[in-house]
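The values are calculated or read from the model by the stated rules, or taken from the named source; none is laboratory data. Because the structure is a prediction, the values reported are computed rather than measured. Positions of Cβ are generated from backbone atoms using ideal geometry, with glycine treated the same way; all protein chains shown enter the neighbour counts.
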Amino acid sequence: MADVRSEVVLITGATDGLGKAVAFALAHPDRTLLVHGRNRERVDALVTELLAKGALHVRGYVADFSDLKSVRGLASEILRREKHLNVLINNAGVGILDTRTQSADGYELTFQVNFLAGDLLSRALSGLLRRSAPSKILNISSAGQWPLDAEDLLSEENWNGAIAYGRSKLAQIMGSFDFAAEYAGEDVVCNAIHPASLMPTKIVLGKFQPASTIEHGVRNVLNILRDRTGATGCFFYESELRPAHAQAYDPAMREYLRSWVDSNITESVERVA
């Protein structure tokens, strides 16, 4: 991480769970925190809580990741208001859904919220991240990965909530690797992390028995953010470097996914930048 005295950190999905806990862990009088949520009242409440804890520079942003227009609006607002961005933590996401749901843009909801929205935001803010280097992107992913199907990328056939979730997380990791390769040598690193298994967050409670604490996940996130080796294009299981699913290293599948994303959201990125 950069010198705390000049560091600007954006955390998406910061109004509860891991995102909120990371925000409090990073709260510091000399650090600027940008916290995102989809509900204005909850974002404002979080800003108030962080200021009360001693953070002096906190700004709240609102966007619904199920709507790419809202994500583009978020990126535009950040580019308009912020002069620097050193760390982007893509934490916003949904868990395993009970039924297949389409986003406002017509994409499978899990795939959009967990992958497409964060990928769009990262690319829309890439210029700001590059100008602010050294900078980092950390995608909060999962060890629960499932191979993508080029013939059914959006899980329109034989939909299964757990498989859709696993595909969205593998796509997120593939996107992390692509971003890291694209910006290699520019002091912008991008990694993905499985911070902890089954933390007691809203996407876990009611479906699974918690197996670890949010505090454990926070420690692992901070460990990766504090890494000074320059590691990029990596997947971390907690604080340990591990291989992701084999498909993440398949150049043909990575190229297919990147081309599909570019054909669907590149125009969105260009309109923001």
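Across region 110-143, the number of residues qualifying as under 12 Å from Tyr183 (Cα atoms), in contact with a helix residue (DSSP H, G or I) (Cβ under 7 Å, 6 or more places away or on another chain) and outside any helix (DSSP H, G or I) comes to 3. If you check Ile89, Ile78, Ile96 for being of a type in the set (Val, Ile, Thr), modelled with pLDDT of 95 or more and over 14 Å from the mean Cα position of the chain (by Cα), only one passes: Ile78. Of all residues in region 234-251, those being farther than 23 Å from Leu153 by Cα and surrounded by 19 or more Cβ atoms within 10 Å (Cβ to Cβ) number 3.
Does Ile11 satisfy the condition of being over 26 Å from His194 (Cβ atoms), of a type in the set (Val, Ile, Thr) and touching a residue at least 40 places away in the same chain (Cβ under 8 Å)? It is false that Ile11 is over 26 Å from His194 (Cβ atoms), of a type in the set (Val, Ile, Thr) and touching a residue at least 40 places away in the same chain (Cβ under 8 Å).
Among the residues of region 38-57, the ones that are at pLDDT 95 or above and surrounded by 14 or more Cβ atoms within 10 Å (Cβ to Cβ) come to 11 in all.
Conditions tested, residue by residue: (1) modelled with pLDDT of 95 or more; (2) closer than 23 Å to Val62 by Cβ.
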{"site": "Asp119", "(1), (2)": "yes, yes"}
{"site": "Leu128", "(1), (2)": "yes, yes"}
{"site": "Lys136", "(1), (2)": "yes, no"}
{"site": "Ser141", "(1), (2)": "yes, no"}
{"site": "Trp146", "(1), (2)": "yes, no"}
{"site": "Glu156", "(1), (2)": "no, no"}
{"site": "Ile163", "(1), (2)": "yes, no"}
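Consider region 99-109 and keep the residues that are surrounded by 19 or more Cβ atoms within 10 Å (Cβ to Cβ) and not in a loop (DSSP other than H, G, I, E, B). The one that is nearest to the chain's Cα centre (by Cα) is Leu109.
Evaluate the following for Val35: is it under 25 Å from Pro195 (Cβ atoms), of a type in the set (A, V, I, L, M) and surrounded by 23 or more Cβ atoms within 10 Å (Cβ to Cβ)? Considered against the rule, which asks whether it is under 25 Å from Pro195 (Cβ atoms), of a type in the set (A, V, I, L, M) and surrounded by 23 or more Cβ atoms within 10 Å (Cβ to Cβ), Val35 comes out as yes.
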